[in-house]
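The values are calculated or read from the model by the stated rules, or taken from the named source; none is laboratory data. It should be emphasised that the depicted structure is a prediction, and the values quoted were computed from it without experimental measurement. Note that we place each Cβ from the backbone using ideal geometry, even for glycine, and neighbour counts take in every protein chain shown. Side chains included, ligands, DNA and RNA excluded: accessible areas come from the protein's heavy atoms. Shrake-Rupley method; radii C 1.70, N 1.55, O 1.52, S 1.80 Å.
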Amino acid sequence: MKDFRFQGLRNKLVSQLKEKGISDKRVLDAIAKIPRHLFFDEVFRNQFAYEDVAFPIGQDQTISQPYTVAFQSEMLNIKKGHKVLEIGTGSGYQTAVLSFLGAKVFSIERQRVLFEKASIFLSENGYRAHLFFGDGFKGKKVFAPYDSIIVTCGAPFIPISLKKQLKIGGRMVIPVGEGNVQQMKLIVRSSEDEFKESTYGEFKFVPMLKNINN
Ligand code: SAH
């Protein structure tokens, strides 16, 4: 398919996201510009890359639905130069969106194969991010504190280690719940030991798992 065809599909996707309530112009611009089809295996690019659905990326994992990516990105209210920690690199698409928004991104993935694939792909395509293979429950203390933390897998609970890695005033967006459906939660660290929590409806994610997978 030609590039202008993909651009057309991206524009259509952006209109759908607007209709569904996404209004942050920079987030919509990221979705309009980033070639999501390149994050897919070649055989699926033409057909599925710009549908507003999650899609398999191998290793039993999925690239998040564009609406979910936009929703979580909008909630973080990212400013240029913000330090953002992502849990669940997966395809690297959300990582690319955060980097497009001007964030300094640190992203952790527990599946070795996906970690390696995303590392190569993102650097080859000019997206700057620091990727790590490891367990997201622990976060990445050496680079803390973060302006924002985004968890892109369904967490069984809110890990305390992640809360502790937020700046005062920092925001964490995390889908919480076991099973098929999670509640999207926003945690704002209002002081050293105070956290404000609010809930934003149901979403579906693959589970956040404990031990790493080599
Ligand atoms: N942000 C990704 C979404 C991928 S799906 C994208 O845009 O494509 C969620 C990812 O979280 C999967 O790749 C899964 O392997 C990873 N994951 C699950 N549990 C994890 C953990 N404890 N630490 C780090 N990554 C984890």
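The set of residues in segment 191-214 that are among the hydrophobic types (A, V, I, L, M, F, W, C) and over 23 Å from residue 22 (Cβ atoms) comprises 195, 208, 209, 212.
Scanning segment 110-123 turns up no residue that is within 19 Å of residue 83 (Cβ to Cβ) and not in a helix (DSSP H, G or I).
Checking each residue in segment 69-106 for being near the ligand (Cβ under 9 Å from one of its atoms) and either β-branched (Val, Ile, Thr) or without any contact (Cβ under 8 Å) to a residue 12 or more places away in the chain (or both) picks out 69, 87, 89, 95, 97.
Taking segment 45-96 as the region of interest, how many residues are assigned to a strand (DSSP E or B) and either closer than 15 Å to residue 206 by Cα or open to solvent by less than 30 Å² (accessible area, probe 1.4 Å) (or both)?
If we filter segment 45-96 for residues that are assigned to a strand (DSSP E or B), which is where we start, we get 55-58, 61-63, 83-87.
Remaining after also requiring either closer than 15 Å to residue 206 by Cα or open to solvent by less than 30 Å² (accessible area, probe 1.4 Å) (or both): 55-58, 61-63, 84-87.
Total satisfying the criteria: 11.
Considering only residues in segment 107-127 that are away from the ligand (no atom under 12 Å from the Cβ) and polar (S, T, N, Q), the one that is most open to solvent (accessible area, probe 1.4 Å) turns out to be 123. Scanning segment 128-138 for any residue that is more than 9 Å from the ligand (Cβ to nearest atom) and at pLDDT below 95 turns up at least one such residue. In this structure, residue 42 qualifies as acidic (Asp, Glu), at pLDDT below 95 and open to solvent by 20 Å² or more (accessible area, probe 1.4 Å).
When segment 136-146 is filtered for residues that are open to solvent by 30 Å² or more (accessible area, probe 1.4 Å) and touching a residue at least 12 places away in the same chain (Cβ under 8 Å), the ones remaining, listed by number, are 138, 140, 141, 143, 144, 145.
Each row is one residue, and each column tells you yes or no for (1) open to solvent by less than 60 Å² (accessible area, probe 1.4 Å); (2) closer than 24 Å to residue 99 by Cα; (3) within 16 Å of the ligand (Cβ to nearest atom); (4) at pLDDT 95 or above.
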{"position": "151", "(1), (2), (3), (4)": "yes, yes, yes, yes"}
{"position": "158", "(1), (2), (3), (4)": "yes, no, yes, yes"}
{"position": "164", "(1), (2), (3), (4)": "no, yes, no, yes"}
{"position": "171", "(1), (2), (3), (4)": "no, yes, no, yes"}
{"position": "175", "(1), (2), (3), (4)": "yes, yes, yes, yes"}
{"position": "178", "(1), (2), (3), (4)": "no, no, yes, no"}
{"position": "187", "(1), (2), (3), (4)": "yes, yes, no, yes"}
{"position": "196", "(1), (2), (3), (4)": "no, no, no, yes"}
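Of all the residues in segment 198-214, those that are aromatic (Phe, Trp, Tyr) and either within 13 Å of the ligand (Cβ to nearest atom) or at pLDDT below 95 (or both) number 2.
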